[in-house]
Amino acid sequence: MDMKEDKEMIEMHDMTASNLRSAFGGESMAHMRYGVWGAKAQEDGFPNVARLFRAIAYAEEVHASNHFKAMADVPGAFLVASMAGYGLGTASENLEGAIEGETFEISEMYPVYKQTADYQGEKGAARSFHYALSAERIHAAMYQEAKQAVDGGNDIELGDVQICGVCGYTTEGEVPDKCPVCAAAREQFRTFA
């Protein structure tokens with residue numbers, strides 16, 4: 001086998017690489033957007049909603065980092081197209097934007113990205129997409145609960161939010177002994193109290 005054949009065998013498929021870049025862009029923007037929306041919720045008198053936004057912003061950072069690492073061997077500069085909500089509204093409007101973004105990732109983006117990575121044999125990408133999809137389902141539900149509280153004029157009742165630093169799994173309450181998604185040890189969790 002010559003060097004050219006060897007290089008071709010280890011290159012990532014273009015479609016999976018493109019999906020990773022898109023997901024990286026989307027998660028990076030979600031990380032920043034949730035930080036901005038969290039500050040607005042704090043300003044509007046919803047400190048628990050603000051904390052929820054900050055916690056999930058960290059989970060989105062974990063997802064973006066995982067996507068970036070999964071494509072670390074794909075050098076170059078690329079134009080990245082990704083879904084992103086814009087605008088700074090009320091806490092309720094910002095939560096609605098978060099729900100819409102998470103729902104898009106759950107119902108359209110990550111299932112297709114993961115299926116493509118699986119089909120193309122891109123195990124690292126498939127794992128990264130699986131991790132993100134698992135967490136996004138939880139995020140959508142948490143944001144929905146927060147929106148219901150805010151729409152009723154209340155802050156959300158919220159215990160400590162635990163985020164797995166390996167996969168972004170999100171839970172409320174005590175730190176699990178190990179992550180149910182990636183099996184990371186409890187020491188890998190970050191608490192938002």
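The values are calculated or read from the model by the stated rules, or taken from the named source; none is laboratory data. None of these values were measured; they are calculated from a predicted model. FYI the Cβ positions are ideal-geometry reconstructions off the backbone, even for glycines, and counts take in every protein chain you see.
Side notes on the structure shown:
- The C-beta contact set for the range 153-173 (first residue over 11 Å from Ile138 (Cβ atoms), second residue charged (D, E, K, R) and assigned to a loop (DSSP other than H, G, I, E, B), distance under 7 angstrom, 6+ apart or interchain) comprises Gly173/Asp160.
- Of the criteria (1) crowded, with 20+ Cβ neighbours inside 10 Å; (2) of a type in the set (A, V, I, L, M, F, W, C); (3) over 13 Å from the mean Cα position of the chain (by Cα); (4) not in a helix (DSSP H, G or I), which one Met142 fails: (4)
Okay, residues lined up against (1) modelled with pLDDT under 95; (2) among the hydrophobic types (A, V, I, L, M, F, W, C):
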| site | (1), (2) |
| --- | --- |
| Ser22 | yes, no |
| Glu60 | no, no |
| Phe78 | yes, yes |
| Ala84 | yes, yes |
| Lys114 | no, no |
| Gln120 | no, no |
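- Scanning the range 149-163 for residues that are within 16 Å of Ala91 (Cα to Cα), assigned to a loop (DSSP other than H, G, I, E, B) and among the small types (Gly, Ala, Ser) turns up Gly152, Gly153.
- Residue in the range 64-83 that is in a helix (DSSP H, G or I) and out of contact with any helix residue (DSSP H, G or I) (no Cβ under 6 Å at 6 or more places or on another chain) present: yes
- Some residue of the range 74-94 being in contact with a Ser or Thr (Cβ under 7 Å, 6 or more places away or on another chain), surrounded by fewer than 18 Cβ atoms within 10 Å (Cβ to Cβ) and of a type outside the set (Gly, Ala, Ser): yes
- Residue check for Glu108: charged (D, E, K, R), part of a helix (DSSP H, G or I) and either touching a helix residue (DSSP H, G or I) at 6+ places or on another chain (Cβ under 9 Å) or closer than 18 Å to Met32 by Cα (or both): no
- Selection over the range 13-52 of residues that are within 30 Å of Gly124 (Cβ to Cβ) and either buried (at least 19 other Cβ atoms within 10 Å of the Cβ) or of a type in the set (Asp, Glu) (or both) gives a count of 18.
- If you check Arg137, Arg127 for being in contact with a helix residue (DSSP H, G or I) (Cβ under 9 Å, 6 or more places away or on another chain), at pLDDT 95 or above and farther than 30 Å from Gly45 by Cα, only one passes: Arg127.
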